[in-house]
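What follows draws every value from the coordinates through simple rules; no lab data is involved. Everything quoted here is computed from the prediction, not taken from an experiment. A quick note on method: Cβ atoms are made from the backbone with ideal geometry, for glycine too, and the neighbour counts reach across all protein chains shown.
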Amino acid sequence: MDIIFQKASEKEVALIQYLAERSWRSAYREILSAEQIDYMLAEMYSESELINQLQTFEYQYYIIIFEGNAVGFMGFELHYESNTTKLHRLYLVPEVIGKGLGKASISFLKARVSEFGDQRIILNVNKNNPAKKIYDSQGFRVYGEAVIDIGKGFVMNDYMMEHHL
C-alpha cells in the first residue's frame, strides 16, 4: 500500500479545510444535522484556528497521501496530559474508506507518540460513528462518556477512548 504521512504546515491550511469539508459531510450526514456540521466545520477548521494549532509544536497535523493523492488528515496533540497524546482528528475522504488507511494511520500515530515518550493515546468518538470499530480493532477501549456543549445549542455525544502503548 502506497501511503505517505506528510507533516502539514501553514501552507496546507486550505487543503485541510477542503479535506475536512469532504470527509465530514460524508462521515456525519447520518449522525449530525447539516447545521451542526456547518457550525463545527466553521469553528474547528477556521484559518485562524488551524494556523494557531500548526504554530504549536505539540499539535501536529499530517496529510494522508494515498496513491499520490491527498485523501485525509490527522491532527494530534502530544503531551495533552501527563504521558498522554490526544488524537483530535483523523478523517478520510469517502472514496478511500475501507482500504486500510484508518488502521495505517493509527499505526503511524502509535509510532509517533512512542518517539515523543507518551505512553497513552486518548480520543473522543461520536457514539454513532462507525469509525469506533476501527479504534476497537486497534486496541482502544472506552473509559468514559462525555456530552460536551459546543455552543449554539449543539452538543457532542462521545465515547472517550484510550490505548496504552
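Remarks
- Whole-number percent relative contact order across the chain, with pairs defined as alpha carbons under 8 Å at least 6 apart: 19
- Of the residues SER9, SER105, the one with the fewest other Cβ atoms within 10 Å heads the list, and the complete ranking is SER9, SER105.
- Here's the list of lysines a cross-link from LYS133 could span, going by alpha-carbon distance under 16 Å and ignoring same-chain residues fewer than 8 apart: LYS99, LYS103.
- Residue-averaged [θ]222 nm for the chain, counting only DSSP H segments that reach four residues, each worth -39500 (n - 2.57): -10500 deg cm²/dmol
- Rounded, prolate or oblate (a/c below 1.5 giving rounded, otherwise prolate when a/b exceeds b/c) for region 82-165 by Cα gyration tensor: oblate
- Annotation for region 64-155: GluC sites (Glu not before Pro) lying in DSSP loop with at most 15 further Cβ atoms inside 10 Å of their Cβ are GLU67.
- Backbone phi angles across region 37-42, fed through the Karplus curve with coefficients 6.51, -1.76 and 1.60 (θ = phi - 60°), yield HN-Hα couplings of 4, 4, 4, 5, 4, 5 Hz in residue order; Gly and Pro are listed as x.
- For the residue pairs LYS86/LYS132; LYS11/LYS127; LYS110/LYS152; LYS86/LYS152; LYS7/LYS86; LYS110/LYS132, the C-alpha atoms sit more than 23 angstrom apart in LYS11/LYS127; LYS110/LYS152; LYS86/LYS152.
- Kirkwood hydrodynamic radius over Cα pairs of the chain, then Stokes diffusion coefficient at 20 °C and 1.002 mPa s, in µm²/s: 132
- Ordered by the count of other Cβ atoms within 10 Å of each Cβ, fewest first, VAL71, VAL142, VAL155 give VAL155, VAL142, VAL71.
- About the centre of its Cα atoms, region 17-165 shows a dipole size close to 520 debye [charges on the beta carbon of Lys, Arg (+1) and Asp, Glu (-1) only; nearest 20 debye].
- In plain terms, the residue of THR84, THR56 with the fewest other Cβ atoms within 10 Å comes first and the most crowded comes last, giving THR56, THR84.
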